[in-house]
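Visitor: Dropping the structure in here first, questions after.
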Amino acid sequence: MPKTAKKNKKINKGKILFVEDDRFLAEMFRQKLTIEGYEPIIAHTAISAVLALRDEDPDAMVLDVVLPDSECWMIVEYIRRKKDARPVPVLILTNWDNAEYRRKARDLKADAFVVKASTDPQQPVEMMEKLITEYKKNRLFPKTKSGLETGFFERIY
């Protein structure tokens with residue numbers, strides 16, 4: 001009887017949409033996410049991110065703030081307001097550590113805010129894993145009166 005491919009079969013922990021215009025950084029995270037058992041979906045612009053959201057149904061998103069065609073805020077707003085979308089964890093990963101960006105992230109119900117310069121590639125991956133687990137448990141995101149999901153930004157901010 002031939003050996004099965006079970007040894008080579010990778011565990012798929014879920015899809016993570018990684019939106020980053022820096023191709024080197026995007027490739028580094030693509031490799032890290034793949035090693036950790038995720039299926040990375042890479043987008044380099046806001047438009048390609050929205051298309052990936054529509055076509056790929058990711059389990060989580062990591063977003064750079066500044067993109068060539070827009071800032072990430074319209075993507076976060078789109079996913080939070082889309083009535084037929086399932087809740088998706090959002091981690092903001094940026095070089096810009098300022099109060100305005102943190103406020104915007106909090107106001108739009110992003111789940112985490114990480115400054116690139118103060119982290120290594122493992123930290124955002126671990127945070128996404130935690131967020132995905134919390135979302136799947138469906139304990140932290142009750143519906144508000146407006147129908148938008150509430151986040152736990154402060155818990156991992």
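Visitor: Restricting the search to the stretch 96-131, which residues are without any contact (Cβ under 8 Å) to a residue 24 or more places away in the chain and in contact with a helix residue (DSSP H, G or I) (Cβ under 8 Å, 6 or more places away or on another chain)?
Guide: Passing the criteria: D97, V114.
Visitor: I would also like to ask the following. Of everything in the stretch 55-72, what is of a type outside the set (A, V, I, L, M), over 13 Å from the mean Cα position of the chain (by Cα) and either assigned to a strand (DSSP E or B) or closer than 15 Å to L108 by Cβ (or both)? Give them in sequence order.
Guide: S70, E71
Visitor: Pull up the stretch 95-111, narrow it to residues that are surrounded by fewer than 18 Cβ atoms within 10 Å (Cβ to Cβ) and of a type outside the set (D, E, K, R), then point me to the one that is farthest from D21 (Cα to Cα).
Guide: By that ranking, first place goes to A99.
Visitor: For the list (1) assigned to a loop (DSSP other than H, G, I, E, B); (2) modelled with pLDDT under 85; (3) farther than 22 Å from K13 by Cβ, I need the number of the one condition that R80 fails.
Guide: Among (1) assigned to a loop (DSSP other than H, G, I, E, B); (2) modelled with pLDDT under 85; (3) farther than 22 Å from K13 by Cβ, the lone unmet condition for R80 is (1).
Visitor: Where the second residue is modelled with pLDDT of 85 or more and part of a loop (DSSP other than H, G, I, E, B) and the first is exposed (fewer than 15 other Cβ atoms within 10 Å of the Cβ) and of a type in the set (A, V, I, L, M, F, W, C) and lies in the stretch 77-94, which pairs have Cβ atoms under 9 Å and are six or more apart or on separate chains?
Guide: As it stands, the answer is A85/D57, since those pairs meet every condition given.
Visitor: Restricting to the stretch 11-36, and then to whatever is under 14 Å from the mean Cα position of the chain (by Cα) and among the aliphatic types (A, V, I, L, M), can you tell me which residue is farthest from W73 (Cα to Cα)?
Guide: L33
Visitor: Take the residues of the stretch 10-54 that are in a loop (DSSP other than H, G, I, E, B) and over 21 Å from T119 (Cβ atoms): which is modelled with the lowest pLDDT? Walk me through how you get there before you give the answer.
Guide: Here is the first cut: in the stretch 10-54, the residues in a loop (DSSP other than H, G, I, E, B) are 10-13, 20-22, 36-37, 44-45.
Retained after the next criterion (residues that are over 21 Å from T119 (Cβ atoms)): 10-12, 45.
Details: K10: 61, I11: 68, N12: 81, T45: 94.
It comes out as K10.
The values are calculated or read from the model by the stated rules, or taken from the named source; none is laboratory data. Note that the structure is a prediction, hence the values are computed from the model and not measured. Every residue, glycine among them, receives a Cβ derived from its backbone with ideal geometry; neighbour counts consider all protein chains shown.
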